[in-house]
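Here it is: the structure, laid out below.
A short reminder: the numbers here are calculations on the coordinates, not readings from a lab. Predicted model only: the values in this text are computed from it and were never measured. Quick reminder, even Gly has a Cβ in these numbers, built from the backbone with ideal geometry, and neighbours come from all protein chains shown.
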Amino acid sequence: MYALEIKNLIKKYGENIAVNDISFNIKEGEFFGFLGANGAGKTTTISAITGIAKFDSGNIFVFEKDVVSQYRDARKMIGMSPQEYNIDIFSTIEKILWYVGGYYGMTSIDRKKKISELFKLFDLEEHRKKQFRMLSGGLKRRLMLARAMIHDPKLLILDEPTSGVDVELRHELWSYLKKINEQGKTILLTSHYLEEVELLCNRISIIHKGKIIAIGDKSDFVKDGQNLEKRYLELTKNN
């Protein structure tokens, strides 16, 4: 089964075609890298998947649920960690997770259990009463991941999850993401840190000027002694 299917997706902003007839899929359990420069169409595609933005034509399915006609079912299966902090900065970690769990219809018992699991997974227990604004950059990123996972989604979408954190914390977050994926979670990752994508992802797609210009297994991008960064620059320069 595919975790995500995108078929002939087109999204326009006025006369500008932000996403131009793209199609790709992600298999269940994959760690999928979705690369592109700012303005290439990554965020627009993610917004279409999550229902934040309407699209002009095409189809998107999350575990065979149509994101338009079966929006509620599809959305429940997605956990989203955005690049920007769209969060109440005066709320505590505990309250943030509690509220989001309630939004997804979780019972009090289920929320308590899941929050405890996430505190343990992301080493957040000692910070549970801290307001978001008081957290370090690394703790904020951990919380964003925990918030995305509170309802145990089948597909996790991570938009620049390590942006703004130092090298040590980035490696720490990589360990969390590897662990989650090994436990069976399907992950779609966008990142400007190409070494991050090369390390974590087993399949990669590159979007450029609204079109998919390359897609394949990681080995297709790093063969013949090349690294992902060099191959990425070659592909985007020639398209």
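Report the relative contact order of the chain, percent, no decimals, based on alpha-carbon pairs under 8 angstrom and at least 6 residues apart.
Here the relative contact order equals 26 percent.
Same structure again: Only Cα pairs under 8 Å and at least 6 apart count here; give the relative contact order of region 88-151 as a rounded whole percent. Can you show the working numbers first?
Values: 59 pairs, mean separation 32.2, N = 64.
Averaging sequence separation for qualifying contacts and normalising by length gives 50 percent for region 88-151.
Around Gly105, under 13 Å between beta carbons, what's the net of Lys plus Arg minus Asp minus Glu among the other residues? Spell out each step's value before the answer.
Numbers: positive: Arg72, Arg75, Lys76, Arg111, Lys114; negative: Asp73, Asp110, Asp152.
Summing Lys/Arg as +1 and Asp/Glu as -1 gives +2.
So, one more: Sum -39500 (n - 2.57) across every DSSP H segment of at least 4 residues in the chain, then divide by the residue count to get the 222 nm mean residue ellipticity, nearest 500.
On the way: 9 runs with 90 residues, N = 239.
About -11000 deg cm²/dmol.
Here is a further query. Distance between the C-alpha centers of region 173-239 and region 48-88? Whole Å please.
22
Moving on to the next point. Counting other beta carbons within 10 Å of each residue's own, what order do Glu94, Glu160, Glu126 fall into, fewest first?
Values: Glu94 15, Glu160 19, Glu126 8.
Final ranking by Cβ density, sparse to dense: Glu126, Glu94, Glu160.
Beyond a 28 Å Cα-Cα separation, which of these cross-linked pairs lie in this structure: Lys185/Lys218; Lys11/Lys154; Lys27/Lys178; Lys65/Lys230; Lys154/Lys218; Lys12/Lys65? Each step should come with its number before you reach the end.
Values: Lys185/Lys218 19 Å; Lys11/Lys154 25 Å; Lys27/Lys178 17 Å; Lys65/Lys230 37 Å; Lys154/Lys218 22 Å; Lys12/Lys65 23 Å.
Beyond 28 Å between Cα atoms: Lys65/Lys230.
Relative to the compact globular guide of 2.2 N^0.38 Å, what is the alpha carbon radius of gyration of the chain, as a ratio? Write down the numbers at each step before the final one.
Working: Rg = 17.8 Å, N = 239, 2.2 N^0.38 = 17.6 Å.
So the Cα radius of gyration is 1.01 times the expected 2.2 N^0.38 Å.
Further, regarding this structure: Once you treat every alpha carbon in region 88-151 as an equal point and sum by Debye, what is log10 I(q)/I(0) at q = 0.14, 0.25, 0.26 Å⁻¹?
Summing over Cα pairs of region 88-151 leads to -0.33, -1.05, -1.14.
For a quick check: with amide H placed at 1.01 Å from N, whose amide H comes under 5 Å from Lys27's, ignoring anything fewer than 5 positions away on the same chain?
For Lys27, whose amide H was placed from the backbone, the distant partners under 5 Å are Ala3.
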